[in-house]
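Asks: Can you keep this structure in mind? I'll have questions shortly.
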Amino acid sequence: GSSVFFVESQRLPMVDVMVDIDAGSRWDPSGLEGLASLVAGMLFKGHHSQGKIISEEEVGEFFVRNSIIRSVSTSRDKTSISLRFLNESEVIYKLGRFLRNVFSKPEFNESILARQKSRSLLALRESLTRPQQLALRNLWDRMYPDHPYGRSVTEQSLENLSREELQTFFRKFWTPERMTFSVVGDINDKELESFLSDITNFR
């Protein structure tokens, strides 16, 4: 049920993948602003695989060992995961299976969650010392007074976030049907189909 946009390019032995998930902050429940961003930030902090927990360190080692560059960002409309890797068959296969495990059973470890919330809280407090940020928050509130676009993260909303809230949000919004894959690089149709089938075979 995912959407796929693909442009084959053989100029470099690389593949770029952008995964856009309809799981942006506009879906944060009232009083839980910051939930979508925290879910995205916790995604690569550990997951279950074959009956054991893959730690945050092991996740990092996987990406380093296979020379995979990744980034994750969240906006009001979506969460985006950017991946760049070599077009080696073994790397493509490993990454597909790895992402399926990440999307299947994220750990949302309590201690890591507490750390991430603390970082978010410090970042929020720092941002509220900047006039431009204060003006932007006020602008969005004025433009969308009765819409999720108009709500902003607060210290209280961050405090309200729990592991259970993250799990509920993830199960509801992180589904193959809400994912769009944009792929550019040196990979053929057959390899791409197998790669994406591996990733999305988790629900």
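The values are calculated or read from the model by the stated rules, or taken from the named source; none is laboratory data. Keep in mind the model is a prediction, meaning the values are calculated, not measured. We place every Cβ from the backbone using ideal geometry, glycine too, and count neighbours over all the protein chains shown. Each accessible area value is taken on the protein alone, full model and side chains, heavy atoms only, with ligands, DNA and RNA left out. Shrake-Rupley method; radii C 1.70, N 1.55, O 1.52, S 1.80 Å.
Asks: List pairs: first in the range 141-154 and within 20 Å of Arg125 (Cα to Cα), second among the acidic types (Asp, Glu) and open to solvent by 60 Å² or more (accessible area, probe 1.4 Å), Cβ under 9 Å, 6+ apart or cross-chain?
Replies: From residues that are within 20 Å of Arg125 (Cα to Cα), the pairs are Gly150/Asp141; Arg151/Asp141; Ser152/Asp141.
Asks: Still on this model: Would you be able to tell me the number of residues in the range 1-37 that are within 30 Å of Ser152 (Cα to Cα), in contact with a strand residue (DSSP E or B) (Cβ under 9 Å, 6 or more places away or on another chain) and either open to solvent by less than 50 Å² (accessible area, probe 1.4 Å) or part of a helix (DSSP H, G or I) (or both)?
Replies: 11
Asks: Continuing with this model, one more query. Yes or no: Leu161 under 19 Å from the mean Cα position of the chain (by Cα) and under 21 Å from Pro29 (Cα atoms)?
Replies: Here the answer is yes, as Leu161 does meet what is asked.
Asks: It is to be established whether one or more residues within the range 75-90 are assigned to a strand (DSSP E or B), within 14 Å of the chain's Cα centre (by Cα), of a type outside the set (Ser, Thr, Tyr) and modelled with pLDDT of 95 or more.
Replies: Within the range 75-90, one or more residues are assigned to a strand (DSSP E or B), within 14 Å of the chain's Cα centre (by Cα), of a type outside the set (Ser, Thr, Tyr) and modelled with pLDDT of 95 or more.
Asks: Note down all Cβ pairs under 8 Å where the first residue falls in the range 99-119 and is in contact (Cβ under 8 Å) with a residue 40 or more places away in the chain, the second is assigned to a helix (DSSP H, G or I) and exposed (fewer than 13 other Cβ atoms within 10 Å of the Cβ), and they're at least six residues apart or on different chains.
Replies: What qualifies is Lys117/Glu159.
Asks: Cβ-Cβ under 7 Å, sequence separation 6+ or interchain: first residue in the range 55-71 and among the aromatic types (Phe, Trp, Tyr), partner open to solvent by less than 40 Å² (accessible area, probe 1.4 Å). Which pairs?
Replies: If the second residue must be open to solvent by less than 40 Å² (accessible area, probe 1.4 Å), the pairs left are Phe62/Phe98.
Asks: Still on this structure: Those residues that are surrounded by 13 or more Cβ atoms within 10 Å (Cβ to Cβ) and in a loop (DSSP other than H, G, I, E, B), I need them from the range 38-66; list them, please.
Replies: Within the range 38-66, Leu43, Phe44, Lys45, Asn66 qualify.
Asks: Hey, which of the helices (runs of 4 or more DSSP H) in the range 92-186, taking only ones fully inside, have at least 2 residues that are in contact with an Asp or Glu (Cβ under 6 Å, 6 or more places away or on another chain), within 30 Å of Met14 (Cβ to Cβ) and of a type in the set (Ser, Thr, Tyr)?
Replies: Filter on the range 92-186 gives an empty set.
Asks: Would you point out which residue out of Thr175, Thr180, Thr168, Thr200 is open to solvent by 10 Å² or more (accessible area, probe 1.4 Å), within 17 Å of Leu113 (Cβ to Cβ) and either over 17 Å from the mean Cα position of the chain (by Cα) or not small (Gly, Ala, Ser) (or both)?
Replies: When all the criteria are applied, what remains is Thr168.
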